[in-house]
1. Of all strands (runs of 3 or more DSSP E) completely enclosed by segment 107-211, which ones contain at least 3 residues that are under 15 Å from the mean Cα position of the chain (by Cα), at pLDDT 95 or above and closer than 28 Å to residue 77 by Cβ?
2. Within segment 1-33, how many residues turn out to be modelled with pLDDT of 80 or more, surrounded by 13 or more Cβ atoms within 10 Å (Cβ to Cβ) and out of contact with any strand residue (DSSP E or B) (no Cβ under 6 Å at 6 or more places or on another chain)?
3. Give segment 39-74 a look and list any residue that's aromatic (Phe, Trp, Tyr) and in a strand (DSSP E or B), or say none.
4. Residues in segment 54-68 that are at pLDDT 95 or above and surrounded by 23 or more Cβ atoms within 10 Å (Cβ to Cβ): how many?
5. Name the pairs: first residue in segment 165-192 and hydrophobic (A, V, I, L, M, F, W, C), second residue at pLDDT below 80, Cβ to Cβ under 6 Å, at least 6 apart or on different chains?
Amino acid sequence: MLGAMLRPVVLTCLALPLLLAPAARAQPVEEIGSWRLACVTDRMTDRAACLLRHRDWLERPAGSGSGLAFEIIDRRGRLVPAVTARELTLDGAARGLLALSGTAQLRFPPNQMVEMPCGLEGRSILCTPKAEDAARVEAELLQADRALLRLVGTGGSSSTAEPTELRLSGTRDAVARLARQAPREPQAAVEPPAGFDGRELLQRLYRLFAQ
């Protein structure tokens, strides 16, 4: 379902639209092993907002749609892996949202697989580890030389599709750089919303774009 691993993306596609606000000062994109780190610093607060993304897409953006990426993000103060589809448009939602409304399966061989429920946050879909899996996955990420990823459809239905394999390098250095650059969430941060079914996700996106 994720498709074959594709060629590296151009650096200018890495940063989020949020990171390009005029009130922020962009820093050069850093390549750290298989990772790319893009940060901007708010000129009023000197606080940085960063995006740490694998150099290869899981699914490259098509037209005006959103691509599917493998990132490291802050969740309740832990830097954990995530599958993301950011800044969805109505076009992207109509074409691909149902495929993203279940869970993402992640495995760092030879460790056991974990399932990461997907949820809608703003106009982005984030699939992140459950709270009880976060510490384990955070530790495994730093040691792993590859990741296997597969999306599973709504309702927990199983899939026999071949997972996408991403080669990992420089992860420990990339995570350390991210931790230095960006402020961490408090451990008591609110639990991310649970996954939704495809119809509810579409309805919520239409409400967002109608505002």
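1. Those strands (runs of 3 or more DSSP E) span 146-152.
2. Residues flagged as modelled with pLDDT of 80 or more, surrounded by 13 or more Cβ atoms within 10 Å (Cβ to Cβ) and out of contact with any strand residue (DSSP E or B) (no Cβ under 6 Å at 6 or more places or on another chain) within segment 1-33 amount to 3.
3. The one that is aromatic (Phe, Trp, Tyr) and in a strand (DSSP E or B): 70.
4. 1
5. Every condition considered, the pairs that remain are 182/48.
The values are calculated or read from the model by the stated rules, or taken from the named source; none is laboratory data. Quantities reported herein were computed from a predicted structural model and do not represent experimental measurements. Neighbour counts are summed over all protein chains in view; Cβ atoms, including those assigned to glycine, are modelled from backbone coordinates with ideal geometry.
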